[in-house]
Every structure is written in structure tokens, then in C-alpha cells.
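To keep things clear, I will list the structure first and then write my remarks on it.
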Amino acid sequence: MLTAEDKKLIQQVCERSSSHLEQFGTEALERMFITYPQTKTYFPHFDLQHGSDQIRNHGKKVATALANAAKNLDNLSQALSELSNLHAYSLRVDPINFKLLSQCFQVVLSVHLGKDYTPEVHAAFDKFLSAVASVLAEKYR
Ligand code: HNI
């Protein structure tokens, strides 16, 4: 459950990151592919070399979706409904992978925010990304 303080911190970080969505999303994806190479199996049609157009385009899409979700914290299920359908029915991504990408996003934020990535921000993002992952996985059952 996100507290009012969590919501404020999440929205502040997303606003600060709004001009870096492509960069942060790309870095998170590249981190995921290197750290958890099994995640690459979902992207056989992508050029997965460092900095490829496909990774950058996709990184921007994923980070933009997260930034939009951050604007709809009281309404995540509805805001992510289309993406939930896509991941469950078409892509069939094993939900375990959402946790892996979430961790990578946290590391990217921490690298860029440095000491501003306080334990409170970390905790708020952990809750937020878990909530997003639950919504993306909720159509699986
Ligand atoms: Ni995900 C497509 C958002 C986790 C595999 N994904 C998308 C799109 C968005 C998106 C946005 C583009 C939809 C469109 O074009 O209409 N994905 C998210 C978010 C998370 C997430 C917000 C979690 C934080 N996706 C994952 C994970 C995997 C994953 C963990 C697999 C490891 N996603 C995909 C694949 C596609 C995809 C595969 C299709 C890519 C393509 O363009 O072919």
C-alpha cells in the first residue's frame, strides 16, 4: 500500500527523470539482459547489441509506461490494463521477470540519483514497481 509520502516521492523522481526516459529505460533493459541473460529469450527479434535502436526504442516505451503509471497511482489497474493484457495473453512473459526488470530499474535510478536515492525513495519505488508487476501479472489467472 503506497502512503501519501510514497506517492509524493515517486512522482518527484518521475518528474526529475522525465527528460531521461529513453536513457534510463535503455540502461535498465541492458542491465537486465546482461545480469539475467534468460530474459533475452523474449526478444529474439531484437538486435540486443549495446545501444541498438530497438533497445533504445523499447527502453523509452517501458520507461514512459512507468512514468504514466506514476501519474495514476490511485488507479494502476486501469492505467495498465492494456499492457496487462499484452503481457499475459500475447507476450506470455513469465511474471518472475517483472521482478528482475524492477531491480534493474532501481539500480539505474540509484546510479543517477546518487544520494537522493534515499532509503525512503528506494522503499517507495520498491512498492511502486511491485504494484506495477502485480497489475501486469493479474490477468495470468
Ligand atoms: Ni514489456 C512490450 C512495458 C516488463 C517483454 N512492454 C512492452 C511495451 C511496453 C512494456 C510499454 C510496448 C507495448 C506496445 O508496443 O504497445 N514491460 C513494460 C513494463 C514492464 C515490462 C512497464 C515492467 C516494469 N516486458 C517486461 C519484462 C519482459 C517484457 C520483464 C520480459 C523479460 N515487453 C516485453 C516484450 C515486448 C514488450 C517481448 C514486445 C516487444 C516488441 O516490440 O516486440
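Derivation of every value follows stated rules applied to the coordinates shown; laboratory data play no part. Because the structure is predicted, anything quoted here is derived from the model rather than measured. Virtual Cβ from ideal backbone geometry, glycine too; neighbours counted across all protein chains shown.
Please get the size of the charge dipole for the chain, origin at its Cα centre, with Cβ charges of +1 on Lys and Arg and -1 on Asp and Glu, quoted in debye to the nearest 20. List each step's numbers first, then the result.
Numbers: 15 positive and 15 negative charges, 39 e Å.
Charge dipole of the chain: 180 debye, to the nearest 20.
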Would you kindly derive the ³J(HN,Hα) couplings of the range 43-55 from the backbone phi angles with the Karplus curve 6.51 cos²θ - 1.76 cosθ + 1.60 (θ = phi - 60°), listing them in order in whole Hz, with x for Gly and Pro? 10, x, 8, 9, 7, 9, 6, 3, x, 5, 4, 5, 5
Average projected area of the Cα convex hull of the range 6-49, in nm²? 4.1
Identify, among T35, A4, S110, the residue whose Cα sits farthest towards the positive end of the charge dipole of the chain, taking +1 on the Cβ of Lys and Arg and -1 on the Cβ of Asp and Glu, with the dipole about the Cα centre. T35
Can you give me the relative contact order of the range 13-80 as a percent, contacts being Cα pairs under 8 Å and 6 or more apart? 41
So which lysines pass the test for K139, namely a Cα distance under 29 Å, with those fewer than 8 places away in the same chain ruled out? K7, K8, K40, K60, K61, K71, K99, K127
Output ³J(HN,Hα) for the range 113-120: one whole-Hz value per residue in order, computed from phi by the Karplus curve 6.51 cos²θ - 1.76 cosθ + 1.60 with θ = phi - 60°, and x for Gly and Pro. 8, x, 5, 6, 7, 6, x, 5
Leading residue at positive end of dipole, the chain (Cβ point charges), from A123, L101, A63: L101
Would you kindly work out the equivalent ellipsoid of the range 61-105 from its C-alpha gyration tensor and give its semi-axes, the square roots of five times the eigenvalues, largest first in whole Å? 17, 15, 9
Gain on full stretching of the segment that runs from L2 to S130 - 0.36 nm per residue minus C-alpha separation: 45.0 nm
Test of understanding: express the Cα radius of gyration of the chain as a ratio to 2.2 N^0.38 Å, with N the residue count. 1.00
Rounded to the nearest 20 Debye, what is the dipole magnitude of the range 9-84 about its Cα centre when Lys and Arg each give +1 and Asp and Glu each give -1 at the C-beta? 60
